[in-house]
Amino acid sequence: MAKLAGARESTSHAPSRLLGQCMVCGSGDLDAFLDLGQTALANRFLRATFLDAPEPTYPLRAAFCRGCAHVQLTEAVPPDAMFRDYLYISSGSDTLVAHLEDLSRLLAARYSLGPGELVIDIGCNDGTLLNSLRRLGVRPLGIDPAENLAAFTQSAGIPRYADYFNSKTATRVVEAWGNASVIVATNTFPHIQDLHDFVEGLRIALAPGGVFVIEAHYLADLLDRVAFDTIYHEHVSYWALGPMAQLFEQHGMEVVDVERLTVHHGQLRTFVQRKGEGIVQPNVVRVREEERARQMDRIQTYRDFASRSLRIRDDLRSMIHSLRAEGRSVAAYGASAKGNTLLSFAELGPTAIEFVVDRSPLKQGLFTPGTHIAVVGPERIRDSSPDYLLLLAWNFVDEILRQQEEFRRRGGKFIVPVPTVTIV
Ligand code: DWN
Ligand code: ZN
């Protein structure tokens, strides 16, 4: 089991960096459209002994680039404050484990990956995807700065380079392991702060004809589901295909295929190659046209999204405060990172939310960042029988409702916060 929490034992406050320019096109014409306030880091859960210590918080604002329509944060938190000691593990959801198994099969079949061919997973986390790839006979390598998660891949005998991926580390990786047929990054690309250097790293590490596969939450789904809670400091970018294609074009690469996925809260799976090495599929043109048709290149779209986000915050606050005033008990399910944006923005602390349940032993026994609600194991639902559970991991609603049949049979209700506050 991974060790707990180095960063949570420190009260040091590394300052954030103001992003005065678009990370994709360099334009200084950034229009901030949603201010989520001064917020603690979403995965920086606290030990009880640190509840009274000063907690670092950072501005959390999303902005639209009038130059290329990229959506990004206005401030970047130093990556070491977020990623060296990482609490989230991919194997925490059955849905996600099944999804990553499917992805490994797709990659092996689509690129006829044979034994000895190197596949790199950037942001490999606990090695869930790499384990599946290895079972299919390919040579896996994980790259991930999270020192506390290295034990997972180490015990599985999977090599891991414990650092960030960039042009410098790509050179070291190639010296040690050779070039990769496939490089994959699931839920990592939105975290990258120096995109241009990252893409240069890809050009160094990919074998000729090699492909980079990205899975990342998709801006169109974020808008549709009003998933403002997925905005937090780790996610410095919110990707649409248009700006992403523009980024790769600047480096002699191109998006050759794309598909939409339902996993998490709706994602985009993008296939990228060096220009001329792959055949661009009609999907790429179609998705870019859809983005233009739904005005994802207009600031008004994001202003409307911001209004809907504020409405959800207000509705949720008043629903929970009324329930508490009527004497009902309210707890929450899923100590997700996005849940911490929601709790902080709606100012819901331990007087409103009694506890948060999470299956992950890495989070149990800690307290939510900023709002200081205790995280406990799922057995607490049976022991305390809360009347309502606020679903903070609403992206796994089907999986969680299936598990919690007994709670619902006994009259318990879930509050689903987005796209509108609903009781189920
Ligand atoms: O991009 C990111 C996404 C993909 O993962 C990262 N930056 C961080 C993380 O975000 P998150 O924490 O919002 O992800 P999840 O997957 O929505 O988190 C769900 C939480 O709920 C986990 O702590 C696991 C927990 N859980 C549970 O207790 N019982 C999840 C399921 C499905 C369950 O049945
Ligand atoms: Zn731009």
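What follows is calculated from the coordinates using simple rules that are stated; it is not laboratory data. The shown structure was predicted, so the numbers you read here are calculated from the model rather than taken from an experiment. Please note: Cβ atoms are built from the backbone with ideal geometry, for glycine as well, and neighbour counts cover all protein chains shown.
Some observations on this one:
- Residue that is nearest to ARG17 (Cα to Cα) [pool: residues in the range 71-128 that are polar (S, T, N, Q) and surrounded by 19 or more Cβ atoms within 10 Å (Cβ to Cβ)]: GLN72
- Test: residue in the range 157-165 that is without any contact (Cβ under 8 Å) to a residue 60 or more places away in the chain, more than 18 Å from THR188 (Cα to Cα) and basic (Lys, Arg): no
- Restricting the range 21-60 to residues that are crowded, with 20+ Cβ neighbours inside 10 Å and within 16 Å of ligand 2 (Cβ to nearest atom) leaves a set whose member that is farthest from the chain's Cα centre (by Cα) is LEU30.
- Yes/no for ASP257 being out of contact with any strand residue (DSSP E or B) (no Cβ under 9 Å at 6 or more places or on another chain), among the acidic types (Asp, Glu), at negative phi and away from ligand 1 (no atom under 16 Å from the Cβ): no
- Within the range 365-402, considering residues that are of a type in the set (Asp, Glu) and more than 24 Å from the chain's Cα centre (by Cα), the one farthest from ligand 2 (Cβ to nearest atom): ASP383
- For beta carbons closer than 6 Å, sequence separation of 6+ or different chains, a first residue in the range 28-49 that is without any contact (Cβ under 8 Å) to a residue 40 or more places away in the chain and a second that is among the basic types (Lys, Arg), the qualifying pairs are ASP29/ARG66; ASP35/ARG61.
- The range 353-367 - residue that is in contact with a Ser or Thr (Cβ under 9 Å, 6 or more places away or on another chain) and of a type in the set (A, V, I, L, M, F, W, C) and, of those, surrounded by the most Cβ atoms within 10 Å (Cβ to Cβ): VAL356
- Among residues of the range 58-89, those that are under 24 Å from GLN364 (Cβ atoms) and either hydroxyl-bearing (Ser, Thr, Tyr) or in contact with a strand residue (DSSP E or B) (Cβ under 7 Å, 6 or more places away or on another chain) (or both), counted: 2
For (1) over 28 Å from LEU390 (Cβ atoms); (2) part of a helix (DSSP H, G or I); (3) among the aliphatic types (A, V, I, L, M); (4) touching a residue at least 60 places away in the same chain (Cβ under 8 Å), each residue gets a yes or a no:
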| position | (1), (2), (3), (4) |
| --- | --- |
| VAL256 | yes, no, yes, no |
| HIS265 | no, no, no, yes |
| VAL287 | yes, yes, yes, no |
| GLN300 | yes, yes, no, no |
| SER318 | no, yes, no, no |
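Results for (1) within 16 Å of ligand 2 (Cβ to nearest atom); (2) under 20 Å from the mean Cα position of the chain (by Cα), shown as yes or no for each residue.
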position: ALA205; (1), (2): no, no
position: LEU223; (1), (2): no, yes
position: VAL226; (1), (2): no, yes
position: THR230; (1), (2): no, yes
position: HIS235; (1), (2): no, yes
position: TYR238; (1), (2): yes, yes
position: PHE248; (1), (2): yes, no
position: VAL256; (1), (2): no, no
position: GLU277; (1), (2): no, no
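- Applying the criterion of at least 1 residues that are within 11 Å of ligand 1 (Cβ to nearest atom) and among the polar types (S, T, N, Q) to the helices (runs of 4 or more DSSP H) found wholly in the range 332-424 leaves 337-345, 397-403.
- Single condition ILE279 does not satisfy, out of (1) of a type outside the set (Ser, Thr, Tyr); (2) in contact with a Gly (Cβ under 8 Å, 6 or more places away or on another chain); (3) in a loop (DSSP other than H, G, I, E, B): (2)
- The range 177-195, residues that are more than 14 Å from the chain's Cα centre (by Cα) and either crowded, with 23+ Cβ neighbours inside 10 Å or over 21 Å from CYS25 (Cβ atoms) (or both): TRP177, GLY178, ASN179, ALA180, SER181, VAL182, ILE183, VAL184
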